[in-house]
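Okay, so here's the structure we're looking at.
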Amino acid sequence: MAHLRRASASSKINNDTGFGVSTTNVGGRFINKDGSFNMRKEGLPVWERYSIFHSMLNMPRWKFIAVVIIFYLSVNVIFSGMYYLIGPNEFQGMIAQTTWQKFKEIYFFSTETFTTVGYGRVNPVGDMANFVASIEAITGFLSLAIFTGLMYGRFSKPKPFLMFSENALVSPYRDKAGLMFRFASYKDNHVLTDVEVRVTVGFQVTENGNPSYKFYTLDLERQRADSLPMNFTVVHPLDENSPLLGFSADDMKNADVELYVLVRGFDNVYSNIVLQRTSYTYKEIRFNAKFVPMYKESDDKNTTILELQKLSEFIEVPLPVLHEMEKGKQV
């Protein structure tokens with residue numbers, strides 16, 4: 001296709017993306033919407049590939065809480081089973097009569113030992129029960145230390161707190177068209193400084209009869225901002241320097257286009273650099289549309305209000321508008 005040859009001649013090829021160029025050995029998108037890489041590693045045992053600490057620090061909050069609760073319940077069930085196999089007669093202070101009641105009392109004794117609460121009504125008197133209780137006590141003490149560290153790590157880890165529009169749009173831009181998306185910081189009193197945006201596009205090309213992926217760093221209207229109190233609309237002009245010049249929606253689909261977005265900024269609270277990734281595939285790029293304004297003046301006219309619920313809202317642009325721009329480019 002002509003626009004692919006033109007892109008190779010006039011656009012900046014990015015060879016440092018870390019993605020492969022083969023079209024047969026990759027599946028799906030390169031980057032997930034949440035910024036994680038869409039890949040799975042194999043070839044080594046899971047205990048060598050899996051980092052519990054790293055996973056616990058980065059998993060969603062609900063999943064972290066679920067893991068902690070399941071771990072707590074499971075450990076106490078295991079120790080309760082060990083106590084019951086040793087025999088309830090190795091404990092004193094039990095008032096239960098049925099088997100189920102005895103197991104419940106042993107389970108609650110296990111939770112008290114694990115957390116070092118130790119109410120004292122039920123206590124072990126046999127050697128084996130005391131030995132298992134001592135193992136459980138040190139297990140609970142170490143577990144508490146580990147989870148305290150994980151909790152601190154999760155709270156103290158700098159986060160960008162950025163949200164991106166669901167779609168990228170091909171919209172009117174000055175006397176031409178532009179590919180654009182937007183993002184904003186969604187936490188109150190959280191403002192990033194020295195914000196920098198980098199956008200890379202990847203798509204399939206055919207060279208000498210062989211299909212491969214090419215990656216280009218896109219020129220942006222504005223790629224940095226001193227601070228981010230409001231939303232940031234990122235615009236890539238679709239001009240003669242763009243590798244996407246002349247692409248239609250069908251062209252993007254056939255070329256398997258994907259935008260790789262990297263936003264980096266400085267968090268003043270943590271005095272650290274934070275970053276966030278996301279991507280847009282051809283399915284998430286809408287033509288002939290433009291974003292609606294997402295900020296307004298307050299009723300007392302003293303404050304600007306950023307309406308985060310409008311981040312992804314857009315309106316359809318009449319087709320003649322873009323048609324006129326195409327005529328202008330041809331002229």
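The values are calculated or read from the model by the stated rules, or taken from the named source; none is laboratory data. What you are looking at is a predicted structure, and each value in this text was computed from that prediction instead of being measured. Glycine gets a Cβ as well: all are built from the backbone with ideal geometry, and neighbour counts include every protein chain shown.
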note = In region 259-294, anything within 16 Å of Val201 (Cβ to Cβ) and among the acidic types (Asp, Glu) is listed as Glu284
inquiry  = Yes or no: region 60-69 includes at least one residue that is surrounded by 11 or more Cβ atoms within 10 Å (Cβ to Cβ), over 28 Å from Ser156 (Cβ atoms) and in the same structural domain as Met151 (by TED's automatic domain parsing).
reply    = no
Meets criteria (of a type outside the set (Asp, Glu) and surrounded by 13 or more Cβ atoms within 10 Å (Cβ to Cβ)) for Ala129 = yes
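Results for (1) of a type outside the set (Phe, Trp, Tyr); (2) outside the structural domain of Gly28 (by TED's automatic domain parsing); (3) touching a Phe, Trp or Tyr at 6+ places or on another chain (Cβ under 6 Å), shown as yes or no for each residue.
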position: Pro172; (1), (2), (3): yes, no, no
position: Phe215; (1), (2), (3): no, no, no
position: Val269; (1), (2), (3): yes, no, no
position: Thr278; (1), (2), (3): yes, no, yes
task = Could you list all residues from region 198-216 that are under 25 Å from Phe291 (Cβ atoms) and surrounded by 19 or more Cβ atoms within 10 Å (Cβ to Cβ)?
result = Val199, Thr200, Val201, Gly202, Phe203, Tyr216
inquiry  = Pull out all pairs, ordered by first then second residue, where Cβ-Cβ is under 9 Å, the residues are six or more apart or on different chains, the first lies in region 106-121 and is in contact (Cβ under 8 Å) with a residue 24 or more places away in the chain and part of a loop (DSSP other than H, G, I, E, B), and the second is of a type in the set (Gly, Ala, Ser) and surrounded by 15 or more Cβ atoms within 10 Å (Cβ to Cβ).
reply    = Thr115/Gly140; Thr116/Ala137; Thr116/Gly140
request  = Scan (1) part of a helix (DSSP H, G or I); (2) within 27 Å of Met59 (Cβ to Cβ); (3) of a type outside the set (Asp, Glu) for the single condition Phe131 breaks and write down its number.
outcome  = (2)
task = Kindly check whether there is at least one residue in region 219-232 that is modelled with pLDDT under 95, part of a strand (DSSP E or B), basic (Lys, Arg) and over 21 Å from the mean Cα position of the chain (by Cα).
result = yes
inquiry  = Just to check your reading of the model, which residue among Gly140, Gly202 is in a strand (DSSP E or B) and touching a Ser or Thr at 6+ places or on another chain (Cβ under 9 Å)?
reply    = Gly202
